[in-house]
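These notes are about the structure you will find just below.
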Amino acid sequence: MRTVKQLLKIGEVARQAGTTVRTVRFYLEEGLIEHIDRSDGGFYLFEPEVVDKVKFIRKLKELGMSLKEIKSLYDIRKQQKTGDEAYKLVLEKLKKQHQLAQRKAEEYMQLKKEIEDAMKLVNECAGCRKKPNRKNCTACEVLKEWDVLPSPFGAIL
């Protein structure tokens, strides 16, 4: 049995998870996390494992998963009669999130390359004495050497 000293207050959960008390409280209100007890002063007390759960929820949100989808993932375990029934549904949802993560990783790699290309191009502007504006830049000999401008550069041109 855990002692009260081993349990975490909401502020400590937030700090360890790298988020705000408001976020932790919202997750608690939405049923994404549960408190284990309350202190004599009425503070929510959490098991240390809740920190990992909060971190994982935030990662899923960063991938674009809604809180409703995340909650349904956790609710599956509560609603199924057996682990066998739950695992099939959880696995299906996790596979979808894996595909989404893969797609986002590919998009970020493409964006990274575009930014690197834009950096190369901008680096060639060193020493330019003209005012940076669309008219002067589009007439620049350096830009004419590029068949296609990197999208980040084209966006700021």
Listed with the fewest Cβ neighbours within 10 Å leading, D84, D75 appear as D84, D75
Cβ density ranking, 10 Å radius, fewest first, applied to R134, R38, R129, R15 yields R129, R134, R38, R15
Candidates for semi-axes √(5λ) of the Cα gyration tensor in Å are (1) 50, 22, 11; (2) 22, 18, 16; (3) 39, 13, 11, and the calculated one carries label (1)
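Nothing charged except the Cβ atoms of Lys and Arg (+1) and of Asp and Glu (-1): what's the magnitude of the dipole of segment 1-64 about its Cα centre? Round to the nearest 20 debye. Can you show the working numbers first?
Details: 12 positive and 10 negative charges, 49 e Å.
It comes to approximately 240 debye.
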HN-Hα couplings for segment 103-113 via Karplus (6.51, -1.76, 1.60; θ = phi - 60°), in whole Hz with x for Gly/Pro, come out as 5, 5, 4, 5, 5, 5, 5, 5, 5, 4, 5
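Size of the dipole of the chain about the Cα centre, Lys and Arg at +1 and Asp and Glu at -1 on the beta carbon, nothing else charged, in debye to 20? Don't skip to the end; give the middle numbers.
On the way: 32 positive and 24 negative charges, 72 e Å.
So the dipole magnitude of the chain works out to roughly 340 debye.
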The ³J(HN,Hα) series, computed from each phi in segment 96-101 with the Karplus coefficients 6.51, -1.76 and 1.60 at θ = phi - 60°, rounded to the nearest Hz and given as x for glycine or proline, is 4, 5, 5, 4, 5, 4
Under the helix-only model (-39500 (n - 2.57) for each DSSP H run of 4 or more, divided by the residues of the chain), the mean residue ellipticity at 222 nm, to 500 deg cm²/dmol, is -20000 deg cm²/dmol
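Let me check against my output: what whole-number percent is the relative contact order of segment 1-85, with C-alpha pairs under 8 Å and at least 6 apart? Show your work: numbers first, answer last.
On the way: 73 pairs, mean separation 23.2, N = 85.
Value for segment 1-85: 27 percent.
Sort H35, H98 so the one with the fewest other Cβ atoms within 10 Å of its own Cβ comes first.
Fewest-to-most Cβ neighbours within 10 Å comes out as H98, H35.
Too long at a 31 Å Cα-Cα cut-off: which of K9/K68; K104/K135; K68/K120; K9/K88; K95/K120; K9/K78? Show your work: numbers first, answer last.
Working: K9/K68 25 Å; K104/K135 35 Å; K68/K120 43 Å; K9/K88 34 Å; K95/K120 38 Å; K9/K78 25 Å.
The pairs that break the limit, which is 31 Å between Cα atoms, are K104/K135; K68/K120; K9/K88; K95/K120.
Computed from the coordinates by the stated procedures, all read-outs in this text should not be read as laboratory data. Please read these numbers as outputs of a predicted model, since none were measured by experiment. All Cβ positions, glycine included, derive from the backbone under ideal geometry; neighbour counts span all protein chains shown.
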